[in-house]
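Notes to accompany the following structure.
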Amino acid sequence: AAEEGFDLEDVEGAIGEAGHGPLPVLAVVGRPNVGKSTLVNRMIGRREAVVEDRPGVTRDRVTYEAEWAGRRFKLVDTGGWEQDVLGIDASVAAQAEFAIDAADAVVFVVDATVGATDTDEAVVKLLRRAGKPVVLAANKVDGPSGEADAAMLWSLGLGEPFPVSALHGRGTGDLLDEVLGALPEAPAGTFAGAVGGPRRIALIGRPNVGKSSLLNKVAGEERVVVDEMAGTTRDPVDELIELGGTTWKFVDTAGIRKRVHLQEGADYYASLRTAAAVEKAEVAVVLIDTSESISVQDQRIITMAVEAGRALVIAYNKWDTLDEERRYYLEREIETEMQQVSWAPRVNVSARTGRHMEKLVPAIETALAGWETRVPTGRLNAFLGELVSAHPHPIRGGKQPRILFGTQAGTKPPRFVLFASGFLEHGYRRFVERRLREEFGFEGTPIHISVRVRE
Ligand code: GDP
Ligand code: GDP
C-alpha cells in the first residue's frame with residue numbers, strides 16, 4: 001500500500017472507520033416542548049431542521065447518526081410525537097416506552113425552568129423499570145442563573161442533572177461526554193449482542209398491507225387480532241416461529257398484531273415502531289400491498305431498512321387480488337419505483353391463500369447470506385484491477401483518477417473502502433457498485449463503498 005501513496009496508518013484508519021459494526025442507540029425522551037428536537041439537532045451537529053415551528057407536524061425520520069469524540073452512535077428522536085392524539089400522559093409514556101425499548105441508553109430531557117411535572121415523574125417510573133442507563137438533561141438553562149433550577153431536578157432520583165441549553169449549546173459537551181460513558185461499545189439486543197441466537201426478522205410495511213395476516217399465516221394458526229388504543233401498548237413482543245426447520249425471531253410483533261387506530265400522529269407512531277423493529281432485526285421483510293399502487297410511504301419504509309444497513313426481502317402481498325391488467329401495471333411500477341432496490345429478493349405472496357409462503361424463508365436466507373458475504377482482499381483487487389483497465393474513469397481536467405486498491409472493511413452489511421488517486425465521480429462509483437454486485441452477488445443486502453483519495 002505504501003508505494004501507492006497511502007501509508008499503513010491511513011489504510012488502517014479508513015478500514016476501522018468504514019468497518020464499524022452496528023451502532024449503539026441513544027434515545028432522547030421527555031415531554032413535548034422540553035427541547036428534545038433542539039437537543040437532537042445539536043447532537044447531530046447539522047441544521048437538518050428537525051425542529052418544526054408548527055406543532056404536530058409529523059416526521060418520518062426518527063433515527064439519526066451522530067458522532068462525538070470520535071464515537072458514532074444512533075439517535076432516536078421522539079420529538080415528532082403529537083401530544084393531543086392520546087392525551088398527554090399516555091402519549092408521552094407510549095413514546096418513551098418505544099424509544100427506551102429500542103435504545104441502549106436514554107437522555108431524559110426535563111425543562112428546568114418548569115421543574116419536574118407529574119408527566120416527568122411518570123416517565124421516570126418507566127425509565128426505572130427499563131433499567132437502561134439514563135442521563136438527565138436539565139434543559140433551558142441558558143445562563144448561570146438557571147443552574148439552581150437544574151439542581152432542583154435531583155428530586156427525580158435519577159442522579160446528577162446536567163444543566164444544558166440545547167438552544168445555545170451551553171453544557172451540551174459535558175452532557176455528551178456523560179452520554180458516551182453510559183453507552184455500551186456495541187449495542188445490546190441487536191445482532192452483535194446475540195450471536196448464535198435465532199435470526200431476527202422485522203416484518204414491516206404500511207398499515208393494512210397484511211403484516212398481521214402474514215404473521216398469522218406463517219405462524220400456522222389464526223390468532224385473534226384485537227383493536228386496542230396505542231397508548232396501552234405493553235413492551236414490544238418478539239415471537240419465535242419455526243419455519244422450514246429453523247427457528248426465527250420475529251421482532252416487535254405486538255405492534256403488528258395490534259391494530260392501531262389513530263387519526264393524527266399515526267404515521268409518526270408507525271415510523272417509530274418500524275425504526276425500532278428495524279434496529280433490532282438482521283433482515284427486514286417489507287410487505288407491499290399489490291392491490292394498490294406502490295406509494296411514497298412504501299419507499300420510505302424500504303429506505304429506512306436500507307439506511308439502517310439491514311438485509312432486505314420484498315414481499316408483494318395480496319397477489320390473489322391481481323387481474324391481468326393490474327399485474328401489468330404493477331410490473332411497470334416495480335421497474336420504475338423499486339429500481340434502487342432491484343438487488344432485493346422478491347416474493348409474490350398471498351397471506352390470504354398462502355400462495356408462495358414456502359418461498360419466504362429461502363428469500364430471507366439468500367438476503368442474510370448476501371449480508372454476511374466477505375470478499376477476500378486478493379479476489380477483490382484482482383477484480384478491481386480488471387475493472388479499472390477495462391473501464392477507466394473518464395479524464396477530468398487532464399487527470400484520470402484511478403482506483404489503486406480496495407478492501408472489505410466489514411460485513412452485515414458489506415462495507416468496502418477503495419483507495420484512489422483522485423476524486424471518483426458519482427456515476428463511476430455507481431458503476432463500481434453495479435459491477436461489484438454482478439461479480440460477487442450481494443443479493444438482498446445494501447453495500448457501502450467509501451473512497452479515500454490520496455492527498
Ligand atoms: P420537543 O417538543 O421536546 O422536541 O421541543 P423542541 O425542541 O421543539 O423545543 C420546544 C421549544 O423550546 C422551542 O421553541 C425551542 O426553541 C425551545 N427551546 C429548546 N431548547 C431550549 C433552550 O435550551 N433554551 C431555551 N430558552 N429554549 C429552548
Ligand atoms: P396490517 O395492518 O399490515 O397488519 O394488515 P392486516 O394483516 O391487518 O391486513 C389488512 C387487510 O388486508 C385485512 O382485511 C386482511 O384480511 C387483508 N389481507 C391481508 N393479506 C391479504 C392477501 O394476501 N389477500 C387479500 N385479498 N387480502 C389480504
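The values are calculated or read from the model by the stated rules, or taken from the named source; none is laboratory data. Treat the numbers as computed from the prediction; the structure is a model and nothing was measured. In this analysis, Cβ positions are derived from the backbone assuming ideal geometry, glycine residues included, and neighbour counts consider all displayed protein chains.
Any residue that is β-branched (V, I, T), touching a residue at least 24 places away in the same chain (Cβ under 8 Å) and in a loop (DSSP other than H, G, I, E, B) - is there at least one of those in region 410-418? Checked region 410-418: at least one residue is β-branched (V, I, T), touching a residue at least 24 places away in the same chain (Cβ under 8 Å) and in a loop (DSSP other than H, G, I, E, B).
Restricting attention to region 381-409, the residues that are touching a helix residue (DSSP H, G or I) at 6+ places or on another chain (Cβ under 9 Å) and either among the aromatic types (F, W, Y) or part of a loop (DSSP other than H, G, I, E, B) (or both) add up to 7.
Kindly establish whether R234 is part of a loop (DSSP other than H, G, I, E, B), at pLDDT below 90 and among the basic types (K, R). Even if it seems obvious, please write down each step before you answer.
Numbers: part of a loop (DSSP other than H, G, I, E, B): yes; at pLDDT below 90: yes; among the basic types (K, R): yes.
So R234 passes the test.
Rundown of residues vs (1) in contact with a Ser or Thr (Cβ under 9 Å, 6 or more places away or on another chain); (2) closer than 26 Å to Q339 by Cβ; (3) acidic (D, E), yes/no style:
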residue: P392; (1), (2), (3): no, no, no
residue: L404; (1), (2), (3): yes, no, no
residue: F416; (1), (2), (3): yes, yes, no
residue: R430; (1), (2), (3): no, yes, no
residue: E433; (1), (2), (3): no, yes, yes
residue: R437; (1), (2), (3): no, yes, no
residue: E443; (1), (2), (3): yes, yes, yes
residue: H448; (1), (2), (3): no, yes, no
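The residues on offer are D118, D104, D142, D149, and the sole one that is at pLDDT below 90 and more than 28 Å from the chain's Cα centre (by Cα) is D118.
A Cβ distance below 6 Å, combined with a sequence gap of six or more or placement on separate chains, defines the contacts here; from region 375-404, residues that are under 16 Å from F431 (Cβ atoms) reach residues that are in a loop (DSSP other than H, G, I, E, B) and of a type in the set (G, A, S) in the pairs P401/S421; P401/G422; R402/S421. Quick check on region 115-130: of everything there that is in a loop (DSSP other than H, G, I, E, B) and touching a residue at least 40 places away in the same chain (Cβ under 8 Å), which residue is farthest from ligand 2 (Cβ to nearest atom)? Among them, the one singled out is A116. Pairing each residue of region 185-207 that is within 16 Å of ligand 2 (Cβ to nearest atom) and among the small types (G, A, S) with any residue that is in a loop (DSSP other than H, G, I, E, B) and at pLDDT 75 or above, provided the two are 6+ apart or on different chains, yields C-beta distances under 6 Å for A202/V251; A202/A281.
Results for (1) farther than 30 Å from I294 by Cα; (2) at pLDDT 90 or above; (3) part of a loop (DSSP other than H, G, I, E, B), shown as yes or no for each residue.
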| residue | (1), (2), (3) |
| --- | --- |
| L167 | yes, yes, yes |
| E178 | yes, yes, no |
| V195 | yes, no, yes |
| S212 | no, no, no |
| E222 | no, no, yes |
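Residues being outside any helix (DSSP H, G or I) and more than 27 Å from the chain's Cα centre (by Cα) are entirely absent from region 335-347. Contact annotation: residue pairs with Cβ atoms under 6 Å, 6 or more positions apart or on different chains, pairing a residue in region 311-331 that is closer than 22 Å to V218 by Cα with a partner that is more than 10 Å from ligand 2 (Cβ to nearest atom) and part of a loop (DSSP other than H, G, I, E, B), are A311/G444; A311/T445; L312/A344; L312/G444; V313/P345; I314/A344. When the residues of region 430-452 are filtered to those that are surrounded by fewer than 16 Cβ atoms within 10 Å (Cβ to Cβ) and basic (K, R), the one that is nearest to A344 (Cα to Cα) is R434.
Select, from R352, R430, the only residue that is among the basic types (K, R), out of contact with any strand residue (DSSP E or B) (no Cβ under 8 Å at 6 or more places or on another chain) and in a helix (DSSP H, G or I).
R430
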